[in-house]
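Every number here is computed from the coordinates shown, using simple stated rules; none is lab data. These numbers were taken from a predicted model, which means no experiment stands behind them. Neighbour counts run over all protein chains shown; Cβ positions are idealised from the backbone, glycine included.
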Amino acid sequence: MNAPRDPTGFLGEEVRALVAQDLDWKIRVLDGPSVPRCTIDGRKVLMLCSNNYLGLSTHPRVVEAAANAARTHGAGSGSVRPIAGTMDLHVELERRLARFKGAEASLVYQSGFATNAGLLPQLVGEGDLVVSDELNHGSIIDGLRLSRAERAVYRHGDADDLGRVLAEAERKAPAPRRVLVVTDGVFSMDGDIAPLPAIARLAREHGAMVYVDDAHGEGVLGEGGRGIVSHFHLGREEVQAEMGTFSKAFGVVGGHVSGSRALIDFAFNKSRTWLLSGSHPPAVAAACLAAVEVLEREPEHVARLWTRTRRFQKEMRELGFDLGATATPITPVMVGDSSAAKKMSERLFDLGVFALPIVFPMVAKGKARIRTILNAALTDDDLTEAIAAFRTVGRELRLI
């Protein structure tokens, strides 16, 4: 009898193929807190790739709130939200978040990915149409794949192409029962901003609902960091669902959605990711609540983030680096070749700057880049050092 075939043999083959193409991830370890001057793999470096935009992960009020909640409420919630896992902290967080976002209500999920994966497939189904920007985040794509709705894609950030797709949908017989337009607010790899006013106008004209993933807009755009809907002064009747995350500018972890009371009631009754996952530990909920309060009371963090961003981007462009179409603190340094991007990241690390390469399949082939993300806690000296390192490596690799 022949020896049985190893059913897991493909795993090693797939990994070896990624290594051969220089497309595998090599994980570095953060020793201690996520701060601008941090320790990675035992080495002191400048952190230029964290989503902790405002430095709130180490803000004293946020840290203290987490510690106090663990002492008063325990280490875990003990259940899923609809059974016995909803604590007073979860309720208060959603109340305060809704006020911050200027919405009737908000609902907190375990992660941003869980928000998109749980809610999107419930908003549309068989007989419906969902229209998605071609560069939307993977969590949006995966969420829509779980839906039985027909899917259409429009060219990235192109409102005219969105209008074409919506007009074609209206001419179909039968026409879709419901239409949902989904877009990132800030696109995570390029740092550009969705043309949300035009999207909202087209959706209104064609009777569609708008769902915006504002994970990278919160704490960055809008009044005091309230996000893209605030940034463009749009109403809740124009953008029906505003999704976000606590894992970036808020400095903690978790996803959420804000909108009408009806949307939130629908979401927690229908989202399997919300219904069937344990709720946030008390320390997490309390830290998220404290982060919302910090943003309400200390808008200077957002102002400082933009000051750092403008300086870094101006001096990098003056050196000759291609930063793409960024309009936010997400600052891609375009390299092109994946191997070159990885080499650039390694050399930057040698010079004390931690900035990761983004390669295929996270971006298209030939579009590899070093994605830097600015932080409000960076000092002028930090920026001077980082820009000098980029200058040295850019010249070595003949990028400038």
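In deg cm²/dmol, rounded to 500, what helix-only [θ] at 222 nm does the chain give when every DSSP H run of at least 4 residues adds -39500 (n - 2.57) and the total is split over its residues?
On the way: 14 runs with 166 residues, N = 400.
Dividing the helical sum by the residues of the chain leaves -13000 deg cm²/dmol.
Using modelled backbone amide H atoms (1.01 Å from N, in-plane), which distant-in-sequence or interchain residues come within less than 5 Å of Met209's amide H?
Placed amide hydrogens put Val179, Leu180, Val181 under 5 Å from Met209.
Please give the length that would be gained between Glu318 and Arg61 if that part of the chain were fully extended, namely 0.36 nm times their separation in residues minus their C-alpha to C-alpha distance (nm, one decimal).
Details: separation 257, 0.36 × 257 = 92.52 nm, distance 3.86 nm.
Gain on extension, Glu318 to Arg61, equals 88.7 nm.
Quick check on the chain: take the gyration tensor over C-alpha atoms, sort the square-rooted eigenvalues as a ≥ b ≥ c, and tell me if it's rounded (a/c under 1.5), prolate or oblate.
On the way: a/c = 1.34, a/b = 1.19, b/c = 1.13.
Verdict is rounded for the chain.
Long-range amide H contacts for Gly127: which residues qualify at under 5 Å (H placed 1.01 Å from N, peptide plane, sequence gap of 5 or more or a different chain)?
Those qualifying (amide H under 5 Å, at least 5 residues apart or on another chain) are Glu150.
As a footprinting exposure proxy, order Met344, Met209, Met243 by other Cβ within 10 Å, with the fewest listed first. If you can, show how the numbers build up before the last one.
Numbers: Met344 24, Met209 19, Met243 28.
Ordered from fewest to most neighbouring Cβ atoms within 10 Å, Met344, Met209, Met243 come out as Met209, Met344, Met243.
Taking only Cα atoms and a 10 Å spring cutoff, compute GNM fluctuations for the chain and point out the largest among Ser77, Ser345, Ser188.
In this elastic network of the chain, the residue with the biggest mean-square fluctuation among Ser77, Ser345, Ser188 is Ser77.
Mind running the shape call on the range 1-104? Use the C-alpha gyration tensor, a ≥ b ≥ c as the square roots of the eigenvalues: rounded below 1.5 for a/c, prolate if a/b tops b/c, oblate otherwise. Show your work: numbers first, answer last.
Numbers: a/c = 2.55, a/b = 1.54, b/c = 1.66.
Oblate, because a/c is 1.5 or more while a/b does not exceed b/c.
Fewest first, what order do Arg164, Arg310, Arg5 take by the number of other Cβ atoms within 10 Å? Mind dumping the intermediate values first?
Details: Arg164 15, Arg310 12, Arg5 7.
The order, fewest Cβ neighbours first, is Arg5, Arg310, Arg164.
In the range 1-106, which GluC sites (Glu not before Pro) fall in coil by DSSP and have 14 or fewer other Cβ atoms within 10 Å?
Working: sites: Glu13, Glu14, Glu64, Glu92, Glu94, Glu104; in loops: Glu104.
Sparse-neighbourhood loop GluC sites (Glu not before Pro): Glu104.
Hey, rough spin-label estimate for Lys44 and Asp142, points 7 angstrom out along Cα→Cβ, what's it come to in nanometres?
3.8
Could you work out how far apart the two model spin labels at Glu126 and Ala198 are, taking each label as a point 7 Å from the Cα in the direction of the beta carbon, and quote it in nm?
For Glu126 paired with Ala198, the spin-label model returns 3.7 nm.
Say R0 is 60 Å: what FRET efficiency, to the nearest 0.05, do Ala167 and Arg99 get from their beta-carbon distance? Intermediate values should be presented prior to the final figure.
Values: r = 38 Å, r/R0 = 0.64.
Here the calculated transfer efficiency is 0.95.
Run the dipole for the chain about the Cα centre, Lys and Arg Cβ at +1, Asp and Glu Cβ at -1, nothing else charged, and hand back the magnitude in debye, nearest 20. Let's see the in-between values first.
Values: 48 positive and 50 negative charges, 56 e Å.
I would put it at about 260 debye.
Given R₀ = 25 Å, FRET efficiency for Ala20-Leu397 by Cβ-Cβ distance, to 0.05? Intermediate results must be reported in sequence, preceding the final value.
Working: r = 22 Å, r/R0 = 0.88.
Once rounded, the FRET efficiency stands at 0.70.
For the pair Ala388/Arg178, report the inter-label distance in nm, with labels modelled 7 Å from Cα in the Cβ direction.
That separation, rounded to one decimal, is 5.7 nm.
For a footprinting-style exposure proxy, rank Lys270, Lys343 by other Cβ within 10 Å, fewest first.
Values: Lys270 14, Lys343 17.
In order of increasing Cβ crowding within 10 Å: Lys270, Lys343.
What FRET efficiency comes out for the pair Glu296/Arg151, r = Cβ-Cβ distance, R0 = 41 Å, nearest 0.05?
Details: r = 38 Å, r/R0 = 0.93.
Computed FRET efficiency for Glu296 and Arg151: 0.60.
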